[in-house]
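Just below is one structure, and these are the notes that go with it.
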Amino acid sequence: VSAHRARPAEPGSAVSDGATTEVVRSYLVAAAEEMRATLIRTAFNPVIYEVLDFGISIYDAEMRAIAEAPGLTMFLGANDYSLRMGVEYVGLGELHRGDVVMLNYPYWNAAHAYDATMFAPVFEPPADADGGSGDDGVLLGFVCVRAHWMDLGAKDPGYVLDSTDVHQEGILFPGTKVFERGVLNHQVVELIRFNSRMPELVIGDMHAQVAALRTGERRLVEVVGKFGRAVVDAAVEEFLGHAERATREALLALPQGSWSAVDWLDDDGISAEPVRMEVTVTIRDGSFIVDFAGSSPATTGPVNMPFGSTIASARVAFKSITSPFAQNNHGFMAPLEVRAEPGTLFHAVYPAPTFTQWTGNQAVELIFKAVAQGLGDTMPACSGGDVPGFMMVGIHPDTGELFAISNNDVVGWGATATHDGAGPLNHPCQTVARNTPMEVMEARTGMRFERLEISADSGGAGRFRGGCGVRRDIVFVSDGEFLSVIKKTKSAPWALAGGLSPVPNRVIAFAGTDRERAISTERLVVKAGDRVRLLTAGGGGHGDPAERDPAAIRRDLDQGYITAGAAREHYGYET
Amino acid sequence: MPDARYQISVDIGGTFVDAMELDQETHRIRFRKASTTPAEPWRGVIDAVDALGTDLGAVGLFIHGTTLGLNAVLERRGEVTGIITNDGMADIFLIGRGNIPSSHMYDFRYERPPALVERRHTIGVRGRLDHRGREIEALDEDGVREAADHLVALGVRSIAVCFLHSYRDPAHEQRTAEIVRAAHPEITVSTSTSIAREYREYERTATTVLDAYIRPIFERYVGDLERELAARGFAGRFLIMRSGGGSMTAAAAQRSPTNTVLSGPAGGIVGGCHLADVLGRRDLLTVDIGGTSLDACVIEGGAAASAFEAELEHYPLLVPIYDIRTIGAGGGSIAWLDGGLLKVGPRSAGAVPGPVCYGRGGLDPTVTDAAVCLGYVDPASFLSGTMQLAGDAAIAAVESTLAGPLGVTVEQAAAGVFDVLLARTVGAVRQITVERGHDPRSFSLVAFGGAGPLIAPLLAREMGIAEVVVPADPSGFSAWGMLGADLMDDVSRTVLGLLDDFDVDALGELFAELDGEAMAAIGEQGVDAADVVFERQIELRYLGQEHALPVAFSESVDLASLRKSFEELHLARYGHAMDNRLQVLNVRVRAIGRAERPAIPVLPPGDGDPARARVVPRLAYDFGTRATVEFDVYDRTRLQPGDVLAGPVLVDEGTATTVVHSGQRVEVEEHGFLLVTAVPA
């Protein structure tokens, strides 16, 4: 028998009252927040500290999430899946005090291979100063941090847009101990160093994640020390139970039924064929079932979703409908069930490529599209449909060094039954991420920007108008590769209740020349002087445009959100 | 002004204006309050000064902390503001960084609050620099004139100018301002590089817009106040507190009001630094608890922690600022039930309607109401008896809203409110020390604000902090702190170069240039060159990192010692250091004209028998034993140095009550500060 099996609370030893429960919960959330602060302040790549491309969570000994700190919206609870798979691979009995395990094997990791999940088991009591005695003590739980790494030696620098199996996507760690009983395994670090094009950044970020884990470990031990195991266990049961009850009640108050929706990804990165996505959402008896049956089989190119990623996408949509303002934990997610057949687009199995699995961005909105049929006026129309991301890779003319800097542009959000869509803002799947300043990109890449402005008429017309997208004009001042990373340019964001769809996202390569062409996801070789233009989509409209308040039309004209021509065409409004 | 006997400081809060008078002959301090008058803020200031009754002709220094600029932004009452930027880039301010507040991260029905600038009031003109500051297109001066004419015709009265990469060379911005001022002398113009010569275009634009937005009303306010003070005989020096420490002349503040937006809370931190000196404590945590929030700041080695980017209503602000962490947990925070879980805040009852016990229509029980239930606040003697509290209503609200549904007593529910409040607070307060690589247990905690002495002894107990210092008149401590504020100015420059590429002489030249700018700014405010002290910092980071750490720069350092200082700091803060290359982010110079701090005289020791100060005991809740017991009650004004009181005990002083639980004791030290410590077990 393992010396450190999870020990359940003594039966009846502590019944938590409403105040104690909230006190314990607050301490756990503060611990996760402190992990977050540590990661942000020590991280090396801007995708972590600007895009917040990370996920942070704390678990009890049964691997139920008991606290999370906000990171990438799409990483909501993604660690849950990875932790279970990682612990299963390593074996619970093989985990010791001071261990840190790394996992980026996509099918277990709920992410592509450049998202490294690191977790540590937490034991009570803390290690003696001499460390390393045989008994680890009682397992209290786990702390877990995932973050995007800049390069793990995939076939191309930057993002991989056209891989056909997982072995083109970087070195894989299935659940590898980076620290064993508190001691750094230099061989693993050297393996990373020799397999990365940007080892300084990657190893720096790895240390940042470890620093965050160590912070969480200390705090979790302190919380248990302060209140006692029995009180903490009782409080955890109480607040997880409360979260689950509140969520089921919210579901019971919604219209009950089952609704399906279909949408299309532009392509899989290999062929030009659109890829079918279908979802059926069922709200019934306090549960919420998301079933991706009807979606495409696994594709040749890397748009496939590991099942853990599919769950995370569904969680984002689910949370926004049931508990948007609550700090997340296992209880809020318990009523959600996600289904996808292995071997299909939404349940990738080895060796399917998964690098550009931003399919999940669109899956969030696809779930909304289905639910909107039943929930009517409470849902927004489509918000641009996808994240218009781009990256430039090249050798910097000032320094002679490799760079790979990305940016995610803003879109217009969908209108609702009560107000115009917000925006331009980041796509709903990464609401708290920040775009990359132009002054930073111009200093660190070979891009210069000639224009970044809100594009008039880009929001779908309606009684309430969709938010506007933007136009960005890029001119290259040095040679390199421009990566367009978007999968929704061929079909338009959807409207609701008689509103109009906006124009789809557009990416125009070599704008203004005879080589000009529209692209979606593509790795484009560019020379100094070439140009690319991005036109990001607005949000869908809501309601019949004929019912729009003329004062709102005048205001939009005044502020340049619509043109006189569009006012006439969509609203019959003469200036 | 050789015969100036008095100094006066005034701090405007949400509910009250606090005024302190320092008599430099007797070292006596007097403290008065008046109500805040939001419609005409200067009136409340004058009311508070009138309440002191000081002969303004004998006042040599009037120093003021105000959140006028902050309120103008919160209430959208600023000037009609326009933006001139690069051609094609007019929407930088409206797009921002594309993010929404993290409290709304799953709220896909989010709506942005109205922006400070209308889209039609933003315009681009031709002219462009690259990332190294090289001009790749000349400034279109006719275009600038046309843009200004257009904005003025639309009703714009204040213009923010911000161009890409201007931090490398401000010439285009300066020329644009000249052209606009020449054509429209009545219009206020703010250029980004005169406020913050740092990189990142949205942050710099937002800072400039805030400046342009609040400057005209700030100028009017300071003008009104100067006029009213002069009419009452004041002819001394008029200073305004800066958010990041020190003060500036009223004239300088009118030119750069963004430096004042959080100037009220800064007074308490300056006071904390002064107190650290007097008490001989190096590391302090200041905790200011008012009606709506708790503001905490770290003082390490006698100096307060600073940040160089603040956030105001979700707008970034690139001005030096004390690193104050605000938690939405104050006396007015509302306690409520969420399906059986007790929550406190973040909603606050504010000044209106206020807590239930204020009897102004508030129905939701607050932390203050819980304090009434627990016996800490005596409804009959609140604010020295000037405000009668409805104690029964507070108890009834806690009973019906919290205790009844939870199935516990009023006392248990009210104690639970404090438990939850503390739990929400402890993590955030601890984080500001841990982030700086310190153990909070080695700090002393300075408690002020109306609710500070009520909550801080519990907070210290919860955090394992050994000592709480309660200054006299804790609710007016921010005003008191202003009395010792130095005159300061900050200048900075974004560098973005590898440390290895510099030689120390080049760094020295850059600093000399910044010294000159800072000296000019502070010299204009009447400080002699001989009296100026310079603090020089170089912000370093590993290449690729975002957050930099400040390392002190002096003529005697070399690159190796800079690197070593950085590595030591990184190791202390984050637990690791590496061999990676270092990048210089910003260099900063602060010029300081030292002010004379108010003397805090040592008082004669008392007779050691505190019975002289004892008043009627009352029943209150003791967190040491978690039971309601009889607390001895003492009148602080009659306590003397050397007095020691064992908890549970309450020390009343009209505008605040210090609550000491069993297991704690309170001692009056030689300057009259209360020191609350744990009794050794």
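The values are calculated or read from the model by the stated rules, or taken from the named source; none is laboratory data. What you see is a predicted model, and the numbers here were worked out from it, not measured in a lab. Cβ sites come from the backbone with ideal geometry, for glycine too, and all protein chains shown count toward neighbours. Each accessible area value is taken on the protein alone, full model and side chains, heavy atoms only, with ligands, DNA and RNA left out. Shrake-Rupley method; radii C 1.70, N 1.55, O 1.52, S 1.80 Å.
Among the residues examined, B:T628 does not qualify as surrounded by fewer than 20 Cβ atoms within 10 Å (Cβ to Cβ), of a type in the set (S, T, Y) and not in a strand (DSSP E or B).
Condition check for B:V270 on (1) surrounded by fewer than 24 Cβ atoms within 10 Å (Cβ to Cβ); (2) part of a helix (DSSP H, G or I): one failure, at (1).
Within segment B:1-15, can you find the residues that are open to solvent by 10 Å² or more (accessible area, probe 1.4 Å) and free of Cβ contacts under 8 Å to residues at least 60 places away in the same chain?
Within segment B:1-15, the first condition is being open to solvent by 10 Å² or more (accessible area, probe 1.4 Å), and the residues that meet it are B:1-7, B:11-15.
If the condition is that a residue be open to solvent by 10 Å² or more (accessible area, probe 1.4 Å) and free of Cβ contacts under 8 Å to residues at least 60 places away in the same chain, then B:P2, B:D3, B:R5, B:Y6 are the ones that fit.
For A:V371, the stated conditions do not hold, so it cannot be described as of a type in the set (V, I, T), in contact with a Cys (Cβ under 9 Å, 6 or more places away or on another chain) and either under 30 Å from A:I454 (Cα atoms) or crowded, with 24+ Cβ neighbours inside 10 Å (or both). Consider segment A:45-62 and keep the residues that are in contact with a Gly (Cβ under 8 Å, 6 or more places away or on another chain) and more than 14 Å from chain B (Cβ to nearest Cβ). The one that is nearest to A:V188 (Cα to Cα) is A:S57. Of the residues making up segment B:531-564, those that are in a helix (DSSP H, G or I), open to solvent by 20 Å² or more (accessible area, probe 1.4 Å) and not polar (S, T, N, Q) number 5. Candidates in segment B:379-411 are the residues that are within 14 Å of chain A (Cβ to nearest Cβ) and small (G, A, S); of these, the one that is least open to solvent (accessible area, probe 1.4 Å) is B:A403. Per the listing A:R523, A:R471, the residue uniquely among the basic types (K, R), within 14 Å of another protein chain (Cβ to nearest Cβ), in a strand (DSSP E or B) and surrounded by fewer than 22 Cβ atoms within 10 Å (Cβ to Cβ) is A:R471.
The residues of segment B:189-223 that are open to solvent by 10 Å² or more (accessible area, probe 1.4 Å), at pLDDT below 95, at negative phi and not in a helix (DSSP H, G or I), listed by number, are B:R197, B:E198, B:Y199. The listed residues are A:E481, A:E453, and the only one of them that is under 28 Å from the mean Cα position of the chain (by Cα), open to solvent by 20 Å² or more (accessible area, probe 1.4 Å), within 10 Å of chain B (Cβ to nearest Cβ) and at pLDDT 95 or above turns out to be A:E453.
Answer yes or no as to whether B:R594 is farther than 30 Å from A:A443 by Cβ, at pLDDT below 95 and not β-branched (V, I, T). Lay out the reasoning, then the answer.
Details: farther than 30 Å from A:A443 by Cβ: yes; at pLDDT below 95: yes; not β-branched (V, I, T): yes.
When the stated conditions are applied, B:R594 passes them.
Among the residues of segment B:578-591, is there at least one that is open to solvent by 20 Å² or more (accessible area, probe 1.4 Å) and among the small types (G, A, S)? Checked segment B:578-591: no residue is open to solvent by 20 Å² or more (accessible area, probe 1.4 Å) and among the small types (G, A, S).
Which one is nearest to A:R444 (Cα to Cα) among residues in segment B:124-142 that are within 11 Å of another protein chain (Cβ to nearest Cβ) and among the aliphatic types (A, V, I, L, M)? Looking at the filtered set, the residue picked out is B:L129.
For B:C162, the conditions (1) open to solvent by 10 Å² or more (accessible area, probe 1.4 Å); (2) of a type in the set (A, V, I, L, M, F, W, C); (3) within 14 Å of chain A (Cβ to nearest Cβ) are fulfilled apart from (1). Within segment B:321-346, the set of residues being surrounded by 22 or more Cβ atoms within 10 Å (Cβ to Cβ), more than 12 Å from every other protein chain (Cβ to nearest Cβ), in contact with a Gly (Cβ under 6 Å, 6 or more places away or on another chain) and not in a strand (DSSP E or B) comprises B:G330, B:G331, B:G332.
Among the conditions (1) surrounded by 20 or more Cβ atoms within 10 Å (Cβ to Cβ); (2) free of Cβ contacts under 8 Å to residues at least 12 places away in the same chain, B:L374 misses just one, which is (2).
This table checks each residue for (1) open to solvent by less than 10 Å² (accessible area, probe 1.4 Å); (2) over 17 Å from B:I327 (Cβ atoms); (3) at pLDDT below 95.
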{"site": "B:F418", "(1), (2), (3)": "yes, no, no"}
{"site": "B:R430", "(1), (2), (3)": "no, no, yes"}
{"site": "B:E435", "(1), (2), (3)": "no, no, yes"}
{"site": "B:H438", "(1), (2), (3)": "no, yes, yes"}
{"site": "B:A451", "(1), (2), (3)": "no, no, yes"}
{"site": "B:E462", "(1), (2), (3)": "no, no, yes"}
{"site": "B:V469", "(1), (2), (3)": "yes, yes, no"}
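In segment A:378-410, which residue that is part of a strand (DSSP E or B) and at the interface with chain B (Cβ under 9 Å from one of its Cβ atoms) is surrounded by the fewest Cβ atoms within 10 Å (Cβ to Cβ)? So, considering only residues that are part of a strand (DSSP E or B) and at the interface with chain B (Cβ under 9 Å from one of its Cβ atoms), the one surrounded by the fewest Cβ atoms within 10 Å (Cβ to Cβ) is A:N408.
Would you mind stating whether A:V189 is without any contact (Cβ under 8 Å) to a residue 24 or more places away in the chain and within 13 Å of chain B (Cβ to nearest Cβ)?
Values: without any contact (Cβ under 8 Å) to a residue 24 or more places away in the chain: yes; within 13 Å of chain B (Cβ to nearest Cβ): yes.
Criteria met by A:V189.
At least 1 residues that are touching a residue at least 12 places away in the same chain (Cβ under 8 Å) and touching a Pro at 6+ places or on another chain (Cβ under 7 Å) in each: list the helices (runs of 4 or more DSSP H) lying fully within segment A:29-117 that qualify. Give the steps one after another, and end with the answer.
Numbers: elements: A:46-49, A:78-90, A:106-109.
Passing ranges, in order: A:78-90, A:106-109.
Taken together, the residues in segment B:658-669 that are open to solvent by 20 Å² or more (accessible area, probe 1.4 Å) and part of a strand (DSSP E or B) amount to 2. Checking each residue in segment B:470-513 for being assigned to a strand (DSSP E or B) and farther than 30 Å from B:E667 by Cα picks out B:L487, B:M488, B:D489, B:D490, B:V491, B:S492, B:R493, B:T494, B:V495, B:L496, B:G497, B:L498.
Of the residues that sit in segment B:357-371 and are part of a helix (DSSP H, G or I) and open to solvent by 10 Å² or more (accessible area, probe 1.4 Å), which one is farthest from B:Q388 (Cα to Cα)?
Of the residues in segment B:357-371, the ones part of a helix (DSSP H, G or I) are B:357-358, B:367-371.
Subset that is open to solvent by 10 Å² or more (accessible area, probe 1.4 Å): B:358, B:368.
Values: B:Y358: 8, B:T368: 14 Å.
By that ranking, first place goes to B:T368.
When B:L459, B:L454 are checked against the criterion of being in contact with a Phe, Trp or Tyr (Cβ under 7 Å, 6 or more places away or on another chain), of a type outside the set (K, R), assigned to a helix (DSSP H, G or I) and away from chain A (no Cβ under 12 Å), a single residue qualifies: B:L454. Figure legend. Inter-residue proximity from segment B:419-443: first residues more than 10 Å from chain A (Cβ to nearest Cβ) and hydroxyl-bearing (S, T, Y), second residues outside any helix (DSSP H, G or I) and open to solvent by 10 Å² or more (accessible area, probe 1.4 Å), beta-carbon distance below 8 Å, spacing 6+ or different chains. Indicated pairs: B:T433/B:D439; B:S442/B:D283.
For the condition open to solvent by 20 Å² or more (accessible area, probe 1.4 Å), modelled with pLDDT of 95 or more and not polar (S, T, N, Q), what is the one hit in A:G225, A:G257? Exactly one residue qualifies, and that residue is A:G257.
In segment A:549-575, the residues that are touching a residue at least 12 places away in the same chain (Cβ under 8 Å) and away from chain B (no Cβ under 14 Å) reach residues that are polar (S, T, N, Q) and surrounded by fewer than 12 Cβ atoms within 10 Å (Cβ to Cβ) with C-beta atoms within less than 7 angstrom, at least six apart or across chains, in these pairs: A:A567/A:T575. For segment B:251-260, the condition of being within 14 Å of another protein chain (Cβ to nearest Cβ), open to solvent by 10 Å² or more (accessible area, probe 1.4 Å), of a type in the set (K, R) and within 27 Å of B:A196 (Cα to Cα) holds for none of the residues.
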